[in-house]
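I have placed the structure first, in the form of structure tokens, so that the comments after it can refer back to it.
Nothing in this text is a laboratory measurement; each read-out follows from the coordinates by a stated rule. Just so you know, these numbers come straight off a predicted model, no measurement behind them. Positions of Cβ are backbone-derived with ideal geometry, glycine not excepted, and every protein chain shown enters the neighbour counts.
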Amino acid sequence: MRRPTPLIPAALAAALLLTACGSERAGTQHGGVGADGSTSLTQVAQPAVDGVRITSVTIPSTSASPSATAASPDGIVRAERLPTGLTGDSGVSAAYEVTNSGAQAMTYTVLFEFTTSAGEVMSNQHVTVASVGAGRTVKGTVRLGAPAPGASTVTTVKVGQVTKVPAAEAPAARGVCPPSGIRLTADDGDAAMGLRVVGLHLENCGNTDYTLNGYPELTLLDEGREPVDGIRILHGGDSISTGTGYDDPPAPLTLKPGETAVSGLIWRNTTQAGTAVNVPYVRVRAKSGAAPVTVTPHLDLGTTGKLGVGAWKRAER
């Protein structure tokens, strides 16, 4: 049992900066794509962020044709002329690899950030890479798509954040019903005046009724997915603040197939004396004996030392 250390932003690593005329990395020499479409070579040291590495990036040049840079096994990046993309599409994309060096299959969620040369984030994409086996590498491509109106030129693609959970405990994707017949997910949360609320959503996607009467069972986990101590888990939103929407006591509830129940994680991120606590992972059981699901709400609990949880209730239609 140990307290987690504050999270270090993963965005400090794994950035590949490209300009319209080629690729660039601080402290390296770079060339450009000439008017005749010649190829430039650039030495690149591309570090991985928790097993995720960008291997190539495509950035449109100032002409109508984009250029692509790809890191070869010997560390060389080659810029090549590519056909133009679809009308309205930015043409910006990044190829990546996810390598699981652990001993069990993991599901990764990666935040890719598309930024300007000044570091401003113009857009981001969350990509889930499901069930990467132990010792396996999975490749994929993330695309910016159409830029937002008025957005500045994107010159950088980087790995902003990586979370990973055991594949057997990962939330089921939308439209997928796990063997338990119960799909449990967490939303992006809501914040107001220092009060934080993250909703837990429990969908009966199976073929039989599912009964509830109480609170979700929670285990708080640090960045190494080890239990966090020193945090009190309190029943009811009113244990943190009034008017959270999760103040009522538990009541028996039966979910018919297709129906959904909701609960909530409630806390304040007040920071006073002491070390602030961040909890990136929460293992949730809908009720005693239920299969665990690990969600990634990134609870910034400050120094309060407590977290409220609401009783299950039927979701409003």
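Assorted remarks:
- Whether the stretch 143-236 is rounded, prolate or oblate, judged on the alpha carbon gyration tensor where a/c under 1.5 counts as rounded: prolate
- Each residue of the stretch 307-313 was assigned a 3J(HN,Hα) from its phi angle through the Karplus curve 6.51 cos²θ - 1.76 cosθ + 1.60 (θ = phi - 60°); the sequence is 9, x, 9, x, 5, 4, 9 Hz, with glycine and proline shown as x.
- Set of aspartates and glutamates near K158 by C-alpha distance (under 17 Å), chain-local residues within fewer than 8 positions excluded: E24, D50, E97, E113, E120
- In range of the label at T303: residues from the stretch 163-191 whose backbone nitrogen is under 12 Å from the point 7 Å along Cα→Cβ: none
- Shape of the stretch 187-241, Cα gyration tensor, a/c cut at 1.5: prolate
- For G102, nonlocal amide neighbours, meaning residues 5 or more places apart or on other chains whose placed amide H falls under 5 Å from its own, are G135.
- Within the same chain, lysines fewer than 8 places from K313 are excluded, and of the rest, those with a Cα less than 16 Å from its Cα are K256, K287.
- Gyration tensor (alpha-carbon) shape descriptor, the stretch 217-317, a/c threshold 1.5: oblate
- Distant-in-sequence amide H partners of A315 (H built 1.01 Å from N, under 5 Å): T260, A261, V262
- Distance between modelled label sites at T153 and A130, nm, 7 Å Cα→Cβ extension: 4.0
- Sequence ranges 128-135, 310-317, ranked by mean other-Cβ count within 10 angstrom, highest first: 310-317, 128-135
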